[in-house]
(Lines give C-alpha, C1' and ligand atoms only; values in the text may rest on other atoms or scores of the structure.)
Protein backbone atom coordinates (compact mmCIF):
# COMPACT_ATOMS: atom_id res chain seq x y z
CA UNK A 1 0.00 0.00 0.00
CA UNK A 2 1.30 3.45 -0.93
CA UNK A 3 0.24 6.84 0.42
CA UNK A 4 -1.88 9.33 -1.52
CA UNK A 5 -0.53 12.79 -2.27
CA UNK A 6 -2.84 15.79 -2.48
CA UNK A 7 -0.94 18.23 -4.70
CA UNK A 8 -1.69 21.86 -5.49
CA UNK A 9 -1.25 22.41 -9.23
CA UNK A 10 -1.07 26.18 -8.93
CA UNK A 11 -3.37 28.75 -10.55
CA UNK A 12 -3.00 27.70 -14.18
CA UNK A 13 0.45 28.42 -15.60
CA UNK A 14 2.15 25.03 -15.82
CA UNK A 15 5.40 26.53 -14.51
CA UNK A 16 3.74 27.67 -11.29
CA UNK A 17 3.47 24.19 -9.84
CA UNK A 18 6.02 23.61 -7.08
CA UNK A 19 9.20 21.65 -7.71
CA UNK A 20 7.97 19.02 -5.25
CA UNK A 21 4.60 18.77 -6.96
CA UNK A 22 6.22 18.33 -10.35
CA UNK A 23 8.59 15.68 -8.97
CA UNK A 24 5.75 13.70 -7.45
CA UNK A 25 3.74 13.87 -10.67
CA UNK A 26 6.71 12.59 -12.65
CA UNK A 27 6.77 9.45 -10.47
CA UNK A 28 2.98 9.02 -10.31
CA UNK A 29 1.22 5.95 -11.66
CA UNK A 30 -2.32 7.28 -11.13
CA UNK A 31 -3.36 10.95 -11.25
CA UNK A 32 -6.89 12.00 -10.36
CA UNK A 33 -7.17 15.64 -11.38
CA UNK A 34 -9.84 18.33 -11.21
CA UNK A 35 -10.46 18.53 -14.93
CA UNK A 36 -12.82 21.48 -14.74
CA UNK A 37 -10.03 23.69 -13.39
CA UNK A 38 -6.62 22.09 -13.95
CA UNK A 39 -5.17 22.23 -17.45
CA UNK A 40 -4.82 18.74 -18.93
CA UNK A 41 -1.66 19.96 -20.65
CA UNK A 42 -0.08 20.46 -17.23
CA UNK A 43 -0.90 16.88 -16.29
CA UNK A 44 0.42 15.54 -19.57
CA UNK A 45 3.64 17.52 -19.16
CA UNK A 46 4.51 16.34 -15.68
CA UNK A 47 2.88 12.90 -15.58
CA UNK A 48 3.18 11.55 -19.14
CA UNK A 49 3.34 7.90 -18.05
CA UNK A 50 0.51 7.93 -15.48
CA UNK A 51 -3.07 6.77 -15.77
CA UNK A 52 -5.03 10.05 -15.88
CA UNK A 53 -8.54 10.28 -14.45
CA UNK A 54 -10.68 13.42 -14.69
CA UNK A 55 -12.72 13.85 -11.50
CA UNK A 56 -14.98 16.62 -12.87
CA UNK A 57 -17.99 14.32 -13.16
CA UNK A 58 -17.18 12.06 -10.21
CA UNK A 59 -18.85 12.00 -6.80
CA UNK A 60 -16.90 11.96 -3.54
CA UNK A 61 -17.55 8.22 -3.20
CA UNK A 62 -16.31 7.51 -6.73
CA UNK A 63 -13.17 9.60 -6.25
CA UNK A 64 -12.49 7.94 -2.91
CA UNK A 65 -12.83 4.48 -4.42
CA UNK A 66 -10.20 5.26 -7.06
CA UNK A 67 -7.76 6.66 -4.49
CA UNK A 68 -8.27 3.76 -2.09
CA UNK A 69 -8.02 1.08 -4.77
CA UNK A 70 -4.89 2.61 -6.29
CA UNK A 71 -3.22 3.06 -2.92
CA UNK A 72 -3.96 -0.52 -1.82
CA UNK A 73 -2.57 -1.77 -5.13
CA UNK A 74 0.72 -0.08 -4.21
CA UNK A 75 0.45 2.52 -6.95
CA UNK A 76 1.85 6.02 -6.52
CA UNK A 77 -1.33 8.08 -6.52
CA UNK A 78 -1.79 11.84 -6.87
CA UNK A 79 -4.96 13.80 -6.20
CA UNK A 80 -4.28 16.98 -8.15
CA UNK A 81 -6.16 20.14 -7.19
CA UNK A 82 -6.12 23.63 -8.65
CA UNK A 83 -4.32 26.41 -6.80
CA UNK A 84 -3.59 25.47 -3.21
CA UNK A 85 -5.74 22.64 -1.81
CA UNK A 86 -6.26 24.48 1.48
CA UNK A 87 -8.21 27.35 -0.11
CA UNK A 88 -11.70 26.28 -1.21
CA UNK A 89 -10.15 22.95 -2.16
CA UNK A 90 -12.79 20.57 -0.73
CA UNK A 91 -10.02 18.26 0.44
CA UNK A 92 -11.04 17.90 4.08
CA UNK A 93 -13.89 15.56 3.19
CA UNK A 94 -11.59 13.54 0.95
CA UNK A 95 -8.99 13.22 3.70
CA UNK A 96 -11.72 12.11 6.11
CA UNK A 97 -12.64 9.35 3.67
CA UNK A 98 -9.03 8.22 3.45
CA UNK A 99 -8.80 8.25 7.25
CA UNK A 100 -11.87 6.03 7.40
CA UNK A 101 -10.17 3.61 5.01
CA UNK A 102 -6.82 3.71 6.84
CA UNK A 103 -5.03 5.23 3.86
CA UNK A 104 -2.05 7.46 4.61
CA UNK A 105 -1.70 10.76 2.73
CA UNK A 106 0.37 13.93 2.48
CA UNK A 107 -0.65 17.40 1.32
CA UNK A 108 1.70 19.38 -0.93
CA UNK A 109 0.81 23.09 -1.07
CA UNK A 110 0.50 25.09 -4.27
CA UNK A 111 0.22 28.68 -5.44
CA UNK A 112 -3.31 29.95 -4.89
CA UNK A 113 -4.91 32.14 -7.55
CA UNK A 114 -4.99 35.14 -5.19
CA UNK A 115 -1.23 35.42 -5.47
CA UNK A 116 -1.26 34.91 -9.22
CA UNK A 117 -3.85 37.69 -9.45
CA UNK A 118 -1.77 40.02 -7.27
CA UNK A 119 1.25 39.27 -9.45
CA UNK A 120 -0.74 40.05 -12.60
CA UNK A 121 -1.76 43.37 -11.06
CA UNK A 122 1.81 44.00 -9.86
CA UNK A 123 0.21 44.65 -6.52
CA UNK A 124 1.24 44.01 -2.93
CA UNK A 125 -1.83 43.12 -0.88
CA UNK A 126 -0.44 44.57 2.36
CA UNK A 127 0.95 48.10 2.52
CA UNK A 128 2.13 50.09 5.56
CA UNK A 129 -0.54 52.45 6.90
CA UNK A 130 -2.97 51.27 4.22
CA UNK A 131 -3.82 47.65 4.95
CA UNK A 132 -2.08 44.99 7.01
CA UNK A 133 -4.90 42.46 6.74
CA UNK A 134 -5.97 40.27 3.83
CA UNK A 135 -9.21 38.30 3.96
CA UNK A 136 -9.94 35.38 1.64
CA UNK A 137 -13.68 34.82 1.39
CA UNK A 138 -16.65 34.25 -0.87
CA UNK A 139 -20.26 35.35 -1.04
CA UNK A 140 -22.99 32.89 -0.14
CA UNK A 141 -24.41 30.98 -3.10
CA UNK A 142 -25.33 27.32 -3.32
CA UNK A 143 -22.64 26.85 -0.71
CA UNK A 144 -23.74 28.79 2.39
CA UNK A 145 -21.49 31.10 4.39
CA UNK A 146 -21.68 31.33 8.20
CA UNK A 147 -23.77 34.35 9.21
CA UNK A 148 -20.90 35.85 11.20
CA UNK A 149 -18.83 35.78 8.00
CA UNK A 150 -21.40 37.48 5.77
CA UNK A 151 -19.57 39.65 3.24
CA UNK A 152 -21.05 42.92 4.50
CA UNK A 153 -19.73 42.12 7.99
CA UNK A 154 -16.24 41.38 6.72
CA UNK A 155 -16.42 44.51 4.59
CA UNK A 156 -16.87 46.61 7.74
CA UNK A 157 -13.18 46.05 8.52
CA UNK A 158 -12.02 47.87 5.39
CA UNK A 159 -9.13 45.44 4.83
CA UNK A 160 -7.92 44.04 1.53
CA UNK A 161 -10.55 41.53 0.45
CA UNK A 162 -9.89 38.72 -2.01
CA UNK A 163 -13.23 37.26 -3.02
CA UNK A 164 -13.30 33.82 -4.62
CA UNK A 165 -16.11 32.02 -6.43
CA UNK A 166 -18.37 35.07 -6.56
CA UNK A 167 -17.93 36.94 -9.83
CA UNK A 168 -21.17 35.43 -11.18
CA UNK A 169 -22.97 37.37 -8.43
CA UNK A 170 -21.07 40.62 -8.89
CA UNK A 171 -24.06 42.86 -8.12
CA UNK A 172 -24.63 41.14 -4.77
CA UNK A 173 -20.91 41.42 -4.02
CA UNK A 174 -20.92 45.15 -4.71
CA UNK A 175 -24.03 45.71 -2.57
CA UNK A 176 -22.45 43.82 0.34
CA UNK A 177 -19.21 45.76 0.06
CA UNK A 178 -21.03 49.09 -0.02
CA UNK A 179 -22.85 48.07 3.16
CA UNK A 180 -19.42 47.89 4.81
CA UNK A 181 -16.50 50.30 4.84
CA UNK A 182 -16.19 50.69 1.08
CA UNK A 183 -17.68 53.43 -1.09
CA UNK A 184 -18.68 53.64 -4.76
CA UNK A 185 -15.23 55.14 -5.41
CA UNK A 186 -13.35 52.28 -3.73
CA UNK A 187 -10.88 50.66 -6.14
CA UNK A 188 -11.52 47.10 -7.25
CA UNK A 189 -9.95 44.64 -9.66
CA UNK A 190 -11.27 41.47 -11.24
CA UNK A 191 -8.74 38.97 -12.56
CA UNK A 192 -10.11 36.10 -14.60
CA UNK A 193 -8.07 32.94 -15.19
CA UNK A 194 -5.00 34.40 -13.48
CA UNK A 195 -1.74 33.18 -15.06
CA UNK A 196 -3.50 31.41 -17.97
CA UNK A 197 -2.76 32.56 -21.55
CA UNK A 198 -6.26 34.07 -21.78
CA UNK A 199 -6.00 35.95 -18.48
CA UNK A 200 -8.25 39.02 -18.24
CA UNK A 201 -7.75 41.99 -15.92
CA UNK A 202 -10.43 44.57 -15.17
CA UNK A 203 -9.74 47.57 -12.94
CA UNK A 204 -12.18 50.20 -11.80
CA UNK A 205 -14.34 51.28 -8.89
CA UNK A 206 -17.21 49.58 -7.13
CA UNK A 207 -19.57 51.96 -8.90
CA UNK A 208 -18.69 50.60 -12.32
CA UNK A 209 -17.20 47.14 -11.88
CA UNK A 210 -20.45 45.23 -12.51
CA UNK A 211 -20.83 46.77 -15.95
CA UNK A 212 -17.19 46.02 -16.78
CA UNK A 213 -17.60 42.38 -15.72
CA UNK A 214 -20.74 41.89 -17.79
CA UNK A 215 -19.24 43.63 -20.83
CA UNK A 216 -16.21 41.33 -20.66
CA UNK A 217 -18.43 38.25 -20.38
CA UNK A 218 -16.72 37.08 -17.18
CA UNK A 219 -18.93 34.81 -15.06
CA UNK A 220 -16.55 32.24 -13.55
CA UNK A 221 -12.90 31.47 -12.73
CA UNK A 222 -12.24 35.02 -11.56
CA UNK A 223 -11.16 36.73 -8.36
CA UNK A 224 -12.41 40.05 -7.05
CA UNK A 225 -9.88 42.13 -5.13
CA UNK A 226 -11.00 45.27 -3.34
CA UNK A 227 -9.19 47.63 -1.01
CA UNK A 228 -7.26 50.85 -0.71
CA UNK A 229 -4.00 49.11 -1.58
CA UNK A 230 -5.13 49.20 -5.22
CA UNK A 231 -5.35 52.99 -5.16
CA UNK A 232 -2.09 53.39 -3.26
CA UNK A 233 -0.15 51.70 -6.04
CA UNK A 234 -1.34 54.27 -8.56
CA UNK A 235 -1.19 57.34 -6.32
CA UNK A 236 2.21 56.57 -4.85
CA UNK A 237 3.02 55.21 -1.42
CA UNK A 238 2.39 57.47 1.56
CA UNK A 239 4.47 55.21 3.80
CA UNK A 240 7.18 52.66 3.17
CA UNK A 241 8.15 49.50 4.99
CA UNK A 242 10.73 49.93 7.73
CA UNK A 243 12.50 46.83 6.48
CA UNK A 244 14.72 48.79 4.10
CA UNK A 245 14.83 52.07 6.01
CA UNK A 246 18.45 53.11 6.66
CA UNK A 247 17.52 54.24 10.19
CA UNK A 248 15.83 50.97 11.12
CA UNK A 249 18.04 48.41 12.82
CA UNK A 250 17.34 44.70 13.09
CA UNK A 251 19.17 41.44 13.62
CA UNK A 252 20.96 41.68 10.27
CA UNK A 253 21.67 45.41 10.14
CA UNK A 254 22.66 48.09 12.65
CA UNK A 255 21.32 51.60 12.23
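Looking at this structure, is residue 93 without any contact (Cβ under 8 Å) to a residue 60 or more places away in the chain, surrounded by fewer than 15 Cβ atoms within 10 Å (Cβ to Cβ), outside any loop (DSSP other than H, G, I, E, B) and in the same structural domain as residue 16 (by TED's automatic domain parsing)? Answer is yes for this residue.
Could you tell me whether any residue of segment 149-157 is outside the structural domain of residue 42 (by TED's automatic domain parsing), in contact with a helix residue (DSSP H, G or I) (Cβ under 9 Å, 6 or more places away or on another chain), outside any helix (DSSP H, G or I) and surrounded by 16 or more Cβ atoms within 10 Å (Cβ to Cβ)? Checked segment 149-157: at least one residue is outside the structural domain of residue 42 (by TED's automatic domain parsing), in contact with a helix residue (DSSP H, G or I) (Cβ under 9 Å, 6 or more places away or on another chain), outside any helix (DSSP H, G or I) and surrounded by 16 or more Cβ atoms within 10 Å (Cβ to Cβ). Pairs linking a residue in segment 166-178 that is assigned by TED's automatic domain parsing to the domain that holds residue 156 to a residue that is loosely packed, with under 15 Cβ neighbours inside 10 Å and outside any helix (DSSP H, G or I), with Cβ atoms under 7 Å and 6 or more positions apart or on different chains, are 167/219; 167/220; 168/219; 168/220; 169/141; 178/184. In the condition set (1) over 21 Å from the mean Cα position of the chain (by Cα); (2) without any contact (Cβ under 8 Å) to a residue 40 or more places away in the chain; (3) more than 24 Å from residue 198 (Cβ to Cβ), residue 19 is compliant with all but (1).
The one condition from (1) surrounded by fewer than 18 Cβ atoms within 10 Å (Cβ to Cβ); (2) in a loop (DSSP other than H, G, I, E, B); (3) at pLDDT 95 or above that residue 172 does not meet is (2).
From the residues in segment 76-86 that are assigned to a loop (DSSP other than H, G, I, E, B) and buried (at least 18 other Cβ atoms within 10 Å of the Cβ), which one is nearest to the chain's Cα centre (by Cα)?
Of all residues in segment 76-86, those assigned to a loop (DSSP other than H, G, I, E, B) come to 76, 82, 84-86.
Then drop every residue that is not buried (at least 18 other Cβ atoms within 10 Å of the Cβ), which leaves 76, 82, 84-85.
Details: 76: 26, 82: 8, 84: 6, 85: 9 Å.
Here the answer is 84.
Within segment 96-117, count every residue that is surrounded by fewer than 16 Cβ atoms within 10 Å (Cβ to Cβ) and either touching a strand residue (DSSP E or B) at 6+ places or on another chain (Cβ under 8 Å) or not in a loop (DSSP other than H, G, I, E, B) (or both).
Going through segment 96-117, the residues surrounded by fewer than 16 Cβ atoms within 10 Å (Cβ to Cβ) turn out to be 96, 99-102, 104, 106.
Subset that is either touching a strand residue (DSSP E or B) at 6+ places or on another chain (Cβ under 8 Å) or not in a loop (DSSP other than H, G, I, E, B) (or both): 96, 99-100, 104, 106.
The total comes to 5.
Considering only residues of segment 32-49 that are buried (at least 22 other Cβ atoms within 10 Å of the Cβ) and part of a loop (DSSP other than H, G, I, E, B), which is modelled with the lowest pLDDT? Restricting to residues being buried (at least 22 other Cβ atoms within 10 Å of the Cβ) and part of a loop (DSSP other than H, G, I, E, B), the top hit is 38.
If the condition is being part of a helix (DSSP H, G or I) and over 17 Å from residue 227 (Cβ atoms), then segment 118-148 contributes 147, 148. Taken as a whole, segment 181-188 holds no residue that is crowded, with 23+ Cβ neighbours inside 10 Å, under 26 Å from residue 17 (Cβ atoms) and in contact with a helix residue (DSSP H, G or I) (Cβ under 6 Å, 6 or more places away or on another chain).
The values are calculated or read from the model by the stated rules, or taken from the named source; none is laboratory data. For clarity, every value in this text was computed on a predicted model and none was experimentally measured. Please note: Cβ atoms are built from the backbone with ideal geometry, for glycine as well, and neighbour counts cover all protein chains shown.
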